[in-house]
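Everything below concerns the one structure shown next.
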Amino acid sequence: MSTEGKQSTVGQLTKEIQNGLRELTARLHQLNDAVGSHLDLQAGDLELLDEIGRLGPMSPRDLVASTGIHPATLTGVLDRLEAGQWITRSPDPDDRRKVRVTARFDRAGEILRLYGPMNRSIAKLCASFSLAELAVIRDFLPGVGEAAATAGADTRSDDKGSSAR
């Protein structure tokens, strides 16, 4: 049932979910901006640092593939992160011509402290849902991420096609 007491359709609920995700994206961007300002990082820098931290040491080429960031833009972000001592770049042990980018976890406490209120709020919110509901939410989120990745790749592909014309 919707808040008006009438039965919702799949289309109505889908639109509400899409709007909720848009709102969530905006709020998370605001949070990342606020955290970044405390750390002298841009929101995009934090997102890239999170990607490196979650996925482990990786090459810049792998980062371009996983994030869709233009290689020249990526180089600038990596330069800022390295200058701030958030990452290290080192030769790849398997091919010393390549570079591996690694997050420096010795600084993670600074980030965790700033995201602490959000993490506590999420834990409190999750406590209000049943295990079955949490499982549905958990299973839903990767699909949203995959939809965004696919849409981003399609958009970048369209950009390349239109610039070639």
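Which members of region 48-67 meet the condition of being modelled with pLDDT under 90 and surrounded by 13 or more Cβ atoms within 10 Å (Cβ to Cβ)?
Ser66, Thr67
With a cut-off of at least 1 residues that are farther than 24 Å from Leu41 by Cα, name the helices (runs of 4 or more DSSP H) lying wholly within region 59-165.
The helices (runs of 4 or more DSSP H) meeting that bar are 108-126, 131-163.
Counting only residues that are out of contact with any strand residue (DSSP E or B) (no Cβ under 7 Å at 6 or more places or on another chain) and surrounded by fewer than 15 Cβ atoms within 10 Å (Cβ to Cβ), how many does region 70-89 have?
9
Suppose the filter is out of contact with any Phe, Trp or Tyr (no Cβ under 9 Å at 6 or more places or on another chain), under 30 Å from Lys15 (Cβ atoms) and without any contact (Cβ under 8 Å) to a residue 12 or more places away in the chain; does Leu55 pass it?
Here the answer is no, as Leu55 does not meet what is asked.
Can you pull out every residue in region 111-149 that is β-branched (Val, Ile, Thr) and in contact (Cβ under 8 Å) with a residue 12 or more places away in the chain?
Selection gives Ile111, Val144.
Can you name every residue in region 4-45 that is within 19 Å of Leu81 (Cβ to Cβ) and not in a helix (DSSP H, G or I)?
Asp40, Leu41, Gln42
May I ask you to verify whether Arg96 is over 27 Å from His38 (Cβ atoms), surrounded by 15 or more Cβ atoms within 10 Å (Cβ to Cβ) and without any contact (Cβ under 8 Å) to a residue 60 or more places away in the chain?
No.
Which residues, taken from region 17-37, are within 12 Å of Glu47 (Cβ to Cβ) and free of Cβ contacts under 8 Å to residues at least 12 places away in the same chain?
Thr25, Leu28, Asp33, Gly36 - these are the residues of region 17-37 that are within 12 Å of Glu47 (Cβ to Cβ) and free of Cβ contacts under 8 Å to residues at least 12 places away in the same chain.
Residues in region 13-47 that are under 23 Å from Ser121 (Cβ atoms), surrounded by fewer than 17 Cβ atoms within 10 Å (Cβ to Cβ) and β-branched (Val, Ile, Thr): how many?
So the answer is 2.
The values are calculated or read from the model by the stated rules, or taken from the named source; none is laboratory data. Remember, it's a predicted structure, so these values are computed and weren't measured experimentally. No Cβ is skipped: glycine too gets one built from the backbone with ideal geometry, and neighbour counts run over all protein chains shown.
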